[in-house]
1. Among 26, 32, 44, which is exposed (fewer than 12 other Cβ atoms within 10 Å of the Cβ), out of contact with any helix residue (DSSP H, G or I) (no Cβ under 6 Å at 6 or more places or on another chain) and modelled with pLDDT of 90 or more?
2. Return yes when residue 67 is touching a strand residue (DSSP E or B) at 6+ places or on another chain (Cβ under 7 Å) and surrounded by fewer than 16 Cβ atoms within 10 Å (Cβ to Cβ) and no when it is not.
3. Hey, residue 100 hits all of (1) in contact (Cβ under 8 Å) with a residue 12 or more places away in the chain; (2) loosely packed, with under 15 Cβ neighbours inside 10 Å; (3) under 17 Å from residue 27 (Cβ atoms) but one; which does it fall short on?
4. State yes or no: is residue 85 touching a strand residue (DSSP E or B) at 6+ places or on another chain (Cβ under 9 Å) and either surrounded by 12 or more Cβ atoms within 10 Å (Cβ to Cβ) or over 21 Å from residue 47 (Cα atoms) (or both)?
5. Is one or more of the residues making up region 71-82 free of Cβ contacts under 8 Å to residues at least 24 places away in the same chain and surrounded by fewer than 18 Cβ atoms within 10 Å (Cβ to Cβ)?
6. Could you identify the single residue in 107, 92, 129 that is crowded, with 19+ Cβ neighbours inside 10 Å and touching a residue at least 12 places away in the same chain (Cβ under 8 Å)?
7. One residue is enough: does region 112-122 have a residue meeting the conditions surrounded by fewer than 19 Cβ atoms within 10 Å (Cβ to Cβ), over 20 Å from residue 47 (Cα atoms) and in contact (Cβ under 8 Å) with a residue 24 or more places away in the chain?
């Protein structure tokens with residue numbers, strides 16, 4: 001049996017999307033050979049990661065860490081995502097998918113440190129979400 005890159009969920013039980021759905025996004029953004037771990041964590045844990053790696057002492061919705069050229073990790077905070085989705089009037093799975101796309105783009109090198117970068121990244125996020133809703137989600 002040959003080795004194949006994968007998308008692995010840690011603490012998968014409350015994940016909003018089927019593994020194969022988000023794997024299509026991973027492949028589209030990062031390529032077939034990129035291996036990714038997605039970790040669902042709580043507020044206290046993501047606040048600690050955010051403080052340690054970004055110097056921000058607050059909980060955030062998502063963090064992405066490129067660990068090697070073809071491997072990275074995404075941490076999603078379920079309580080923050082739930083709260084934000086409710087505040088925005090969005091379905092939880094839609095908001096989680098959007099933030100997953102946001103994190104994938106960070107792993108691909110995109111950023112939003114200035115207005116031009118932010119606009120470019122936002123355009124790509126919307127483009128990918130449209131593709132996902134049209135091509136992947138519809139098949140579910």
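The values are calculated or read from the model by the stated rules, or taken from the named source; none is laboratory data. Bear in mind that the values here come from a model prediction, so they are computed numbers and not experimental data. When we count neighbours, we look across all protein chains shown, and the Cβ atoms used for this are built from the backbone with ideal geometry, even at glycine.
1. On the way: 26 fails: exposed (fewer than 12 other Cβ atoms within 10 Å of the Cβ); 32 fails: modelled with pLDDT of 90 or more.
Residue meeting the stated conditions: 44.
2. Yes: the conditions hold for residue 67.
3. All conditions pass for residue 100, except number (2).
4. Here the answer is no, as residue 85 does not meet what is asked.
5. Yes: region 71-82 contains one or more residues that are free of Cβ contacts under 8 Å to residues at least 24 places away in the same chain and surrounded by fewer than 18 Cβ atoms within 10 Å (Cβ to Cβ).
6. The unique qualifying residue is 107.
7. Checked region 112-122: no residue is surrounded by fewer than 19 Cβ atoms within 10 Å (Cβ to Cβ), over 20 Å from residue 47 (Cα atoms) and in contact (Cβ under 8 Å) with a residue 24 or more places away in the chain.
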